[in-house]
Structure formats: C-alpha cells, structure tokens
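S.K.: My structure is below; once you've seen it, I'll send some questions.
The values are calculated or read from the model by the stated rules, or taken from the named source; none is laboratory data. Being a predicted model, the structure only gives us computed values, none of them experimental. Here the Cβ positions follow ideal geometry from the backbone for every residue, glycine too, while neighbour counts run over all protein chains shown.
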Amino acid sequence: MKLNGFTSTGEYLANCSEIVLNEGIFPHTNAGNLTKEEMKILRETN
C-alpha cells in the first residue's frame, strides 16, 4: 500500500470504497480492528 501512496489501511479502504461507489456498487468494509481516525475516514463511503 505504501508503494501506491497510502499511509494506512483505512486510507486505502476509503479509496477503494469511493471507486466502487462511483461504479454504482455499495461497499461494505469488514476490515477488522480500525482506529477512530480510520473509522472517520470510512464513514463517508461506507
């Protein structure tokens, strides 16, 4: 993920969620343990 410019799993998952939302698919992230900051990031797309 770092090689692609992502600093955290949450940031990567938010990016993936945004991509699938733009394709008309509703994402459901089951990422396991996330920090509060990661949950805030994902709130907009999940």
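S.K.: Every residue in the stretch 1-10 that is under 12 Å from the mean Cα position of the chain (by Cα) and modelled with pLDDT of 90 or more, please.
M.R.: Within the stretch 1-10, 6, 7 meet the criteria.
S.K.: Against the conditions (1) of a type outside the set (Asp, Glu); (2) part of a helix (DSSP H, G or I); (3) out of contact with any helix residue (DSSP H, G or I) (no Cβ under 6 Å at 6 or more places or on another chain); (4) modelled with pLDDT under 90, where does residue 17 fall short? Just the number, please.
M.R.: Residue 17 satisfies every listed condition except (4).
S.K.: Shifting gears a bit: With respect to residue 21, determine if the residue is touching a Pro at 6+ places or on another chain (Cβ under 8 Å) and surrounded by 10 or more Cβ atoms within 10 Å (Cβ to Cβ). Don't jump to the end; show me each part of the working.
M.R.: Working: touching a Pro at 6+ places or on another chain (Cβ under 8 Å): yes; surrounded by 10 or more Cβ atoms within 10 Å (Cβ to Cβ): yes.
So residue 21 passes the test.
S.K.: Would you confirm whether any residue within the stretch 24-32 is of a type outside the set (A, V, I, L, M, F, W, C) and surrounded by 15 or more Cβ atoms within 10 Å (Cβ to Cβ)? If you could, list the steps in order and put the result at the bottom.
M.R.: Step one: list which residues in the stretch 24-32 are of a type outside the set (A, V, I, L, M, F, W, C), which gives 24, 27-30, 32.
In the following step, the residues that additionally are surrounded by 15 or more Cβ atoms within 10 Å (Cβ to Cβ) were identified as 27, 29.
Yes, the stretch 24-32 contains at least one residue that is of a type outside the set (A, V, I, L, M, F, W, C) and surrounded by 15 or more Cβ atoms within 10 Å (Cβ to Cβ).
S.K.: Would a scan of the stretch 9-16 turn up a residue that is among the hydroxyl-bearing types (Ser, Thr, Tyr) and in contact with a Ser or Thr (Cβ under 9 Å, 6 or more places away or on another chain)? If you could, list the steps in order and put the result at the bottom.
M.R.: Filtering the stretch 9-16 down to residues among the hydroxyl-bearing types (Ser, Thr, Tyr) leaves 9, 12.
Narrowing further to those that are in contact with a Ser or Thr (Cβ under 9 Å, 6 or more places away or on another chain): none.
Within the stretch 9-16, not a single residue is among the hydroxyl-bearing types (Ser, Thr, Tyr) and in contact with a Ser or Thr (Cβ under 9 Å, 6 or more places away or on another chain).
S.K.: How many residues does the stretch 20-46 hold that are of a type outside the set (A, V, I, L, M), assigned to a loop (DSSP other than H, G, I, E, B) and free of Cβ contacts under 8 Å to residues at least 24 places away in the same chain?
M.R.: To start, the set of residues in the stretch 20-46 that are of a type outside the set (A, V, I, L, M) comprises 22-24, 26-30, 32-33, 35-38, 40, 43-46.
Subsequent filtering for residues that are assigned to a loop (DSSP other than H, G, I, E, B) retains 23-24, 26-30, 32-33, 35, 44-46.
Restricting the remaining residues to those that are free of Cβ contacts under 8 Å to residues at least 24 places away in the same chain gives 23-24, 26-30, 32-33.
Of the residues in that region, 9 qualify.
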